[in-house]
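Colleague: Quick one: the structure is below, questions incoming.
The values are calculated or read from the model by the stated rules, or taken from the named source; none is laboratory data. From a predicted model like this one, the values you see are computed outputs, not experimental measurements. Every residue, glycine among them, receives a Cβ derived from its backbone with ideal geometry; neighbour counts consider all protein chains shown.
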Amino acid sequence: MRIVCPFCGERELGEFTYLGDAKPVRPAAGASEDEVFDYVYLRDNVAGETSEYWYHGGGCRTWLKIARNTLTHEISSVEPAAGAGAAKVGA
Amino acid sequence: MAEFSWVSRSPLEHALAPGAHGARGVEAGVSLTEIRNFDLIQVMARRGKAAELARVANGRFGVATPNAPTVVQAQDATLIWSGPDQFFVLSKGGKHTMDTLAPALSGPASLSDQSHARALVRISGARARTMLAKLSSIDLHPSAFPIGAAAATSIDHTSVTLWRGGDRPDGQAVFNLLVFSTFAGSLWHTMLDAAAEYGVTIAHSEELA
């Protein structure tokens, strides 16, 4: 599997590490216990298109948000995660 | 308080044995030269200040800073892309140090002195590309990695900054490699092993290419 880093170009998987699901959003400070439990512990086990965070630690050290199909490993989009490459995502 | 005398030494001082290594009776295919005593400053744009940094650095160095994986040669420094909105300033002789760069660049950027945190190795020779191909997954063919190309990548699970300098007078390509000091010895031995079958000429130098 290879990932096309938006900054470095196509690189081997070994340069990247997987963080996890990019879908969960931290609940507001006053959220219920159930919502926090869901955010911290519960994950979907998707067979198909997922949204994930990957870290290009062996290269430009940028966090990436990647759309990947768990059935085929096909990657349909790679973009810098919010805050990465400060100027380019306008964070 | 105890008094210390700090003497900067190369991280490859013990590993590097100048002379010939590997295959004998052939013209050495790979030349490995450690470059010692350089000034290396990492410059990283503060959030939202990339455009300002580019403007200020352009005024300082007289060239546009790299905004893609490339190196840019200024009059007395090499600017090496190291990630989005960040680059290294490589120079010799105290021309660009924290003392001289910080007043100009510390507004839009964070600066960090890496002079003693990296080892710099120059790799050239007829089989240099073949040797590197054993270790790197980067396409180093001249059409994909021309003079001035740079890459933040990993070799032997070690983060390195790799770029192609100007060719040698005999036309051979020159690859420059910055690696963390504490990993330099390990990577050095890996490169020696990879290059041994081609014959290696080992040296160290004070001169930036």
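Colleague: Do we find a residue being of a type in the set (A, V, I, L, M), closer than 28 Å to B:PRO146 by Cβ, crowded, with 22+ Cβ neighbours inside 10 Å and assigned by TED's automatic domain parsing to the domain that holds B:LEU178 anywhere in segment B:7-30?
Modeller: Scanning segment B:7-30, I find at least one residue that is of a type in the set (A, V, I, L, M), closer than 28 Å to B:PRO146 by Cβ, crowded, with 22+ Cβ neighbours inside 10 Å and assigned by TED's automatic domain parsing to the domain that holds B:LEU178, so the answer is yes.
Colleague: Here is a further query. Within the group B:ALA173, B:ALA194, which residue is out of contact with any Cys (no Cβ under 6 Å at 6 or more places or on another chain) and over 17 Å from B:ALA15 (Cα atoms)?
Modeller: Just a single option satisfies the conditions, and that option is B:ALA173.
Colleague: Further question: Considering only strands (runs of 3 or more DSSP E) fully contained in segment B:101-209, which possess at least 2 residues that are within 14 Å of chain A (Cβ to nearest Cβ)?
Modeller: By residue number, B:109-113, B:150-155, B:158-164, B:174-180.
Colleague: Does segment A:61-91 hold any residues that are within 8 Å of another protein chain (Cβ to nearest Cβ) and either farther than 16 Å from B:ALA45 by Cα or at pLDDT 95 or above (or both), and which are they?
Modeller: A:PRO80
Colleague: Next question. For segment B:9-20, state whether one or more residues are over 25 Å from B:PHE180 (Cβ atoms) and touching a strand residue (DSSP E or B) at 6+ places or on another chain (Cβ under 9 Å).
Modeller: Among the residues of segment B:9-20, at least one is over 25 Å from B:PHE180 (Cβ atoms) and touching a strand residue (DSSP E or B) at 6+ places or on another chain (Cβ under 9 Å), which makes the answer yes.
Colleague: Taking segment B:144-195 as the search range and keeping residues that are among the acidic types (Asp, Glu) and farther than 20 Å from B:ILE80 by Cα, which one is surrounded by the fewest Cβ atoms within 10 Å (Cβ to Cβ)?
Modeller: So the first thing to find is which residues in segment B:144-195 are among the acidic types (Asp, Glu), and the list is B:156, B:167, B:170, B:193.
Those left that are additionally farther than 20 Å from B:ILE80 by Cα: B:156, B:170, B:193.
Numbers: B:ASP156: 16, B:ASP170: 8, B:ASP193: 14.
In this case the residue turns out to be B:ASP170.
Colleague: Please indicate, with yes or no, whether at least one residue in segment B:117-137 is out of contact with any strand residue (DSSP E or B) (no Cβ under 6 Å at 6 or more places or on another chain) and farther than 22 Å from B:ARG164 by Cβ.
Modeller: So in segment B:117-137, the residues out of contact with any strand residue (DSSP E or B) (no Cβ under 6 Å at 6 or more places or on another chain) come out as B:117, B:126, B:129-130, B:132-134.
Filter once more, so that each one left must be farther than 22 Å from B:ARG164 by Cβ: B:117.
Yes - at least one qualifying residue is present in segment B:117-137.
Colleague: Still on this structure, please answer the following. Pull out all pairs, ordered by first then second residue, where Cβ-Cβ is under 6 Å, the residues are six or more apart or on different chains, the first lies in segment B:57-83 and is free of Cβ contacts under 8 Å to residues at least 12 places away in the same chain, and the second is assigned to a loop (DSSP other than H, G, I, E, B) and not polar (S, T, N, Q).
Modeller: B:ASN58/B:ALA64
Colleague: A:VAL40 versus (1) within 14 Å of another protein chain (Cβ to nearest Cβ); (2) farther than 23 Å from B:VAL160 by Cα; (3) of a type in the set (A, V, I, L, M): which is the lone unmet condition?
Modeller: Checking A:VAL40 against (1) within 14 Å of another protein chain (Cβ to nearest Cβ); (2) farther than 23 Å from B:VAL160 by Cα; (3) of a type in the set (A, V, I, L, M), the one that fails is (1).
Colleague: Quick one: how many residues across segment B:19-53 are within 13 Å of chain A (Cβ to nearest Cβ) and of a type in the set (Asp, Glu)?
Modeller: 1
Colleague: Has segment A:11-23 got any residue that is without any contact (Cβ under 8 Å) to a residue 40 or more places away in the chain, surrounded by 15 or more Cβ atoms within 10 Å (Cβ to Cβ) and among the aromatic types (Phe, Trp, Tyr)?
Modeller: no
Colleague: Which residues, taken from segment B:109-126, are over 22 Å from B:ASN37 (Cα atoms) and surrounded by fewer than 21 Cβ atoms within 10 Å (Cβ to Cβ)?
Modeller: Residues of segment B:109-126 that are over 22 Å from B:ASN37 (Cα atoms), as a first pass: B:109-110, B:125-126.
Once the filter is applied, which keeps residues that are over 22 Å from B:ASN37 (Cα atoms) and surrounded by fewer than 21 Cβ atoms within 10 Å (Cβ to Cβ), segment B:109-126 yields B:SER110, B:ALA126.
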